[in-house]
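Here's the structure we're looking at; comments come further down.
The values are calculated or read from the model by the stated rules, or taken from the named source; none is laboratory data. None of the values given here were measured: they were computed from a predicted structure. Neighbour counts run over all protein chains shown; Cβ positions are idealised from the backbone, glycine included. We work out accessible area using only protein heavy atoms, side chains counted, and drop any ligands, DNA or RNA first. Shrake-Rupley method; radii C 1.70, N 1.55, O 1.52, S 1.80 Å.
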Amino acid sequence: VQLQACGGGLVQAGGSLRLSCAASGRTLSSLVMGWFRQAPGKEREFVAALSGSSGSTYHADSVTGRFTISRDNAKTTVYLQMNSLKREDTAVYYCAASTRSTLETLRSRKFDYWGQGTQVTVSS
């Protein structure tokens, strides 16, 4: 599975960005897709996940109500719509894919494939 993430950039606080993650090599229906982020000096943080089989979504408390993970109808691309961005959202964002079940993936937060990061910078 190859993942290609894009869509990062510089945005003012309160603004919006949409990240995209194109997957190839395996259908999204058989994967659990996730977004993580890592800010300078901090550990990587889970942001959101989407079950390829059911379409169910899961979001970290810190982004619930502001960020939304989704996929396109062709099930080849996963998105992370980020609204009401805050300075603390500044980080490198990574998309990831897991071949484990949804339950196991959410419990372990272990993913098998990772895309390159895309920088999101939120200015005040």
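Miscellaneous remarks
- Output for region 65-76, where each listed residue is without any contact (Cβ under 8 Å) to a residue 24 or more places away in the chain, open to solvent by 60 Å² or more (accessible area, probe 1.4 Å) and in a loop (DSSP other than H, G, I, E, B): 65, 73, 74
- Some residue of region 41-51 being buried (at least 22 other Cβ atoms within 10 Å of the Cβ) and either farther than 18 Å from residue 116 by Cα or in contact with an Asp or Glu (Cβ under 9 Å, 6 or more places away or on another chain) (or both): yes
- Filtering region 41-64 to residues that are acidic (Asp, Glu) and assigned to a loop (DSSP other than H, G, I, E, B) leaves 43, 61.
- Among the candidates 58, 79, the residue that is at pLDDT 95 or above, open to solvent by less than 70 Å² (accessible area, probe 1.4 Å) and either under 22 Å from residue 106 (Cβ atoms) or not hydrophobic (A, V, I, L, M, F, W, C) (or both) is uniquely 79.
- In region 24-40, residue nearest to residue 118 (Cα to Cα) [restricted to those that are open to solvent by 20 Å² or more (accessible area, probe 1.4 Å) and assigned to a strand (DSSP E or B)]: 38
- Filter pass, residue 2 being farther than 18 Å from residue 119 by Cα, among the polar types (S, T, N, Q) and either surrounded by 18 or more Cβ atoms within 10 Å (Cβ to Cβ) or in contact (Cβ under 8 Å) with a residue 60 or more places away in the chain (or both): yes
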